[in-house]
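J.: One structure follows; several queries about it will come next.
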Amino acid sequence: MPVVSIATATLKRLIGKSLGKDELVAALEQLGNDVEGTASVTAFRCNKCGHVTEVLERADFNNTCEWCGSKALVETGTSEVIRISLLPVRPDMFDAAGLARALRGYLGIETGLPVYRIEPSGFKVTVQPGLESIRPYIVACVVRGLVMDDETVKTVMKMQENLHWALGRNRRRASIGVYDLDTVEPDFEYSAIAPDGVSFVPLFGMPIGEGARGQGLGTGDSEMRAATPREILENHPKGVGYKHLLEKLDRYPLLSDSNGKVLSMPPIINSEDTRVTQKTRNLFVDVTGPDKNAIEKTIAVIACGLADLGARVETVQVVYPDGTKEVTPNLKPRLRTIDQQAAERLIGVEVPDMTKLLERMRYGAKSEAGAIMLQIPSYRADIMHDYDVFEDVAIAYGYHRITPRLVPSMTVGSHQPIEELSTIARRVMTGLGFLEIMTPALTNGAEHYEKLGLPVPAHHVRLANPISVEQTLAREQLVTGLLSTLRVNTTREMPQQIFEAGDCFELSEEMETGVHTRRKLAAAIAGPRVGYTDAKQMLDALSRELGLGLRFVGMDKDKSAPFIGGRCAVVFTSPAQSAIYNLQSEMPWGVLGEVHPEVLGRFGILQPTALYEVDLSALL
């Protein structure tokens with residue numbers, strides 16, 4: 001996990017209480033942070049772009065600005081910092097303002113729900129048609145009265161960088177733009193443009209010469225000339241680094257003001273004309289992305305963090321092509337009710353006044369008849385389940401105060417039968433020359449059903465609080481994972497042979513959780529001469545090694561998806577030939593066949609593919 005350096009003096013100032021080094025480290029660790037200790041850093045300001053680069057003591061430094069690559073650096077002083085490994089689930093604590101907010105509550109200096117009063121800016125962002133399949137969503141805010149000294153500029157830039165990593169998934173789900181508001185003319189327009197449809201000067205200019213390409217952050221040699229989006233992707237260091245997010249599109253996102261001045265080309269680069277400097281006092285901040293939930297959480301974290309630094313935050317109206325209007329950011333707290341007894345059972349101790357503990361964790365809390373009514377701060381992007389709140393109760397109570405106890409019964413562990421069977425199956429498949437893969441258990445309806453030519457069932461295992469639009473349900477089969485893996489390996493040598501043994505999920509009223517977990521095994525072969533026979537041969541070899549008899553029955557053509565009709569079959573087990581499994585009757589065990597060309601096309605696979613999938617759990 002990334003490690004951040006936060007100025008100790010700034011953190012103590014924002015906390016509002018003088019703390020000793022040991023006391024500060026203890027409080028941070030009790031909140032769940034991994035503190036590496038303190039260190040001395042030397043700051044260098046770049047005379048070209050104004051960015052401040054911090055260099056740890058005894059660290060190698062090439063006297064180059066980490067943002068623009070210039071060698072024109074001036075030492076501005078040395079200070080003490082505290083080194084902290086970022087807690088991925090708490091992006092609101094990635095900067096000094098967020099950490100201080102949490103510490104003020106934990107230490108009892110300022111408890112309860114933080115209240116942020118925001119006024120409308122009167123500005124709006126109009127989203128033009130054409131972005132629906134690119135980066136359709138945008139949120140924004142105006143920030144006024146921020147004193148942009150070296151420490152504040154550094155805080156804002158690091159906040160942006162760290163949120164890109166955590167909530168933005170390296171800008172894929174959310175990307176942030178920060179601009180000098182006084183250099184633009186509201187209102188704003190978010191549109192899609194052709195790769196050569198506009199020219200603007202990207203941040204820090206365009207590199208000069210072939211040797212500047214692909215060298216990361218900066219080269220030091222650049223010129224302030226306008227470039228098209230296509231040129232930026234091909235030559236600018238940021239364009240090269242994030243080219244993969246746009247290169248397959250025929251149009252790119254663009255944010256501009258009422259005069260047509262370009263603010264940025266999300267998620268790649270800002271315009272040099274809107275660059276934030278020490279002279280900046282008012283900011284315009286936007287977050288764009290394909291995941292609306294992610295960008296809303298990101299802008300909430302940013303707005304609250306900047307407000308805690310003393311800024312005045314104002315809302316911006318976003319107008320979508322269908323006429324929908326939204327006011328962003330929405331800093332209203334979310335409401336939730338938790339069961340106090342359930343929290344105590346999980347933690348293992350009685351908590352006399354749980355509302356006070358929750359207020360120390362900066363919730364709004366009110367007790368009513370054994371239940372606690374919560375107001376969750378808008379910047380808490382991590383609260384998705386009651387257990388997330390229970391964890392905060394345990395942190396506020398203090399893990400160090402909970403007396404360890406031995407478990408009431410001692411047992412000796414052993415392998416579950418399904419794990420032993422899975423191990424045998426894996427050994428058989430690797431012995432046949434197949435490579436094992438592991439794919440995510442969470443997916444979405446379009447990928448899991450529609451691409452296979454199957455309708456999305458009315459009832460399946462859906463997530464109540466999905467973290468993204470790409471992970472909204474639990475998988476029912478492994479076929480999608482196999483085809484998705486072949487999709488990203490189309491340039492590799494053929495034929496390719498892969499398999500996966502993993503859990504799949506289906507609804508079941510008989511199970512306590514309402515979900516039945518089944519262990520399945522699937523394998524695929526892709527190559528120029530692959531057909532149904534290959535799939536049947538590998539399944540015959542597996543069944544022979546497992547001591548299992550099989551019978552194959554052709555599928556009806558109208559029910560053959562995702563296979564080619566007439567080149568697929570349903571696999572049945574034969575009890576008479578499978579005595580070791582104590583099967584009572586013949587039962588359907590799986591499917592196999594050649595994948596239909598239309599399905600292969602949806603996955604971008606160019607080679608014929610055959611596969612099978614069977615249910616290992618059924619044998620037990």
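J.: Report yes if Thr280 is part of a loop (DSSP other than H, G, I, E, B) and touching a strand residue (DSSP E or B) at 6+ places or on another chain (Cβ under 8 Å), otherwise no.
T.: yes
J.: I've got another one for you. Do you know which of the residues in segment 65-85 that are under 31 Å from the mean Cα position of the chain (by Cα) and closer than 29 Å to Ser271 by Cβ is modelled with the highest pLDDT?
T.: Of everything passing the filter in segment 65-85, Cys65 is modelled with the highest pLDDT.
J.: Of the residues Ala576, Ala541, which is part of a helix (DSSP H, G or I) and either closer than 23 Å to Arg427 by Cα or not assigned by TED's automatic domain parsing to the domain that holds Phe603 (or both)?
T.: Among Ala576, Ala541, only Ala541 is part of a helix (DSSP H, G or I) and either closer than 23 Å to Arg427 by Cα or not assigned by TED's automatic domain parsing to the domain that holds Phe603 (or both).
J.: Quick one: Gly433 ticks every box in (1) over 28 Å from the mean Cα position of the chain (by Cα); (2) in contact (Cβ under 8 Å) with a residue 12 or more places away in the chain; (3) not assigned by TED's automatic domain parsing to the domain that holds Arg462 except a single one, so which number is it?
T.: Going through the list (1) over 28 Å from the mean Cα position of the chain (by Cα); (2) in contact (Cβ under 8 Å) with a residue 12 or more places away in the chain; (3) not assigned by TED's automatic domain parsing to the domain that holds Arg462, Gly433 breaks only (3).
J.: Can I ask one more? Give just the number: which of (1) free of Cβ contacts under 8 Å to residues at least 40 places away in the same chain; (2) outside the structural domain of Asp149 (by TED's automatic domain parsing); (3) out of contact with any strand residue (DSSP E or B) (no Cβ under 7 Å at 6 or more places or on another chain); (4) among the small types (Gly, Ala, Ser) does Gly323 not satisfy?
T.: (2)
J.: Next up: For Ala381, state whether it is under 26 Å from the mean Cα position of the chain (by Cα), free of Cβ contacts under 8 Å to residues at least 60 places away in the same chain and closer than 28 Å to Ala102 by Cβ.
T.: No.
J.: If I filter segment 74-126 down to residues being basic (Lys, Arg) and in contact with a Gly (Cβ under 9 Å, 6 or more places away or on another chain), which single residue comes out as nearest to Thr38 (Cα to Cα)?
T.: Arg83
J.: While we're looking at this one, here's another question. List the number of the failed condition for Arg567; all other conditions in (1) surrounded by fewer than 19 Cβ atoms within 10 Å (Cβ to Cβ); (2) in a strand (DSSP E or B); (3) not aromatic (Phe, Trp, Tyr) hold.
T.: (1)
J.: What are the residues in segment 493-515 that are of a type in the set (Val, Ile, Thr) and outside any loop (DSSP other than H, G, I, E, B), if any?
T.: Result: Ile498, Val515.
J.: When the residues of segment 22-64 are filtered to those that are surrounded by 13 or more Cβ atoms within 10 Å (Cβ to Cβ) and either in contact with a Pro (Cβ under 7 Å, 6 or more places away or on another chain) or of a type in the set (Lys, Arg) (or both), which remaining residue is modelled with the lowest pLDDT?
T.: Lys48
J.: Which residue out of Val479, Val515 is within 20 Å of Thr443 (Cα to Cα) and either assigned by TED's automatic domain parsing to the domain that holds Asn293 or surrounded by 20 or more Cβ atoms within 10 Å (Cβ to Cβ) (or both)?
T.: The unique qualifying residue is Val479.
J.: Can you list the strands (runs of 3 or more DSSP E) lying wholly within segment 300-342 that have 1 or more residues being more than 18 Å from Val389 (Cβ to Cβ)?
T.: Where strands (runs of 3 or more DSSP E) fall fully within segment 300-342 and carry at least 1 residues being more than 18 Å from Val389 (Cβ to Cβ), they are 312-319, 325-328.
J.: Hey, Ile295 hits all of (1) in contact with a Ser or Thr (Cβ under 7 Å, 6 or more places away or on another chain); (2) more than 22 Å from Ala166 (Cα to Cα); (3) in a helix (DSSP H, G or I) but one; which does it fall short on?
T.: Only one criterion is unmet by Ile295, namely (2).
J.: Moving to a separate point now. Which condition does Leu374 not pass, out of (1) touching a residue at least 60 places away in the same chain (Cβ under 8 Å); (2) part of a strand (DSSP E or B), if it passes all the others?
T.: Every condition holds for Leu374 apart from (1).
J.: Something else now. Which residues, taken from segment 257-276, are over 27 Å from the mean Cα position of the chain (by Cα) and not in a loop (DSSP other than H, G, I, E, B)?
T.: Within segment 257-276, Asp257, Val262, Glu272, Asp273, Thr274 meet the criteria.
J.: Can you name every residue in segment 226-256 that is at pLDDT 90 or above, assigned to a loop (DSSP other than H, G, I, E, B) and farther than 18 Å from Cys65 by Cα?
T.: Hits for segment 226-256 are Ala226, Thr228, Tyr242, Leu246, Leu249, Asp250, Arg251.
Residue-by-condition table, conditions (1) crowded, with 16+ Cβ neighbours inside 10 Å; (2) out of contact with any Ser or Thr (no Cβ under 9 Å at 6 or more places or on another chain):
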position	(1), (2)
Thr328	yes, no
Asp339	no, yes
Arg360	yes, no
Tyr379	yes, yes
Met384	no, yes
Asp392	yes, yes
Ala396	yes, yes
Pro404	no, yes
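J.: Of all the residues that make up segment 469-489, how many are part of a loop (DSSP other than H, G, I, E, B) and either charged (D, E, K, R) or out of contact with any Pro (no Cβ under 9 Å at 6 or more places or on another chain) (or both)?
T.: Qualifying residue count, segment 469-489: 7.
Listed here are the residues, each with its yes/no results for (1) outside any loop (DSSP other than H, G, I, E, B); (2) crowded, with 19+ Cβ neighbours inside 10 Å.
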site: Ile418; (1), (2): yes, no
site: Ser422; (1), (2): yes, yes
site: Arg427; (1), (2): yes, no
site: Thr430; (1), (2): yes, no
site: Gly433; (1), (2): no, no
site: Ala446; (1), (2): yes, no
site: Asn465; (1), (2): no, no
site: Thr491; (1), (2): no, no
site: Ala524; (1), (2): yes, yes
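J.: For segment 172-182, name all the residues that are closer than 19 Å to Gly239 by Cβ and surrounded by fewer than 20 Cβ atoms within 10 Å (Cβ to Cβ).
T.: Scanning segment 172-182 gives a single hit, Arg172.
J.: Could you list, in sequence order, the residues of segment 382-416 that are under 26 Å from Thr517 (Cβ atoms), assigned to a loop (DSSP other than H, G, I, E, B) and among the hydrophobic types (A, V, I, L, M, F, W, C)?
T.: Met384, Val407, Val412
The values are calculated or read from the model by the stated rules, or taken from the named source; none is laboratory data. Worth saying up front: this structure is predicted, and the values here are computed from it rather than measured. Note: ideal-geometry Cβ built from the backbone for every residue, glycine included; neighbour counts use all protein chains shown.
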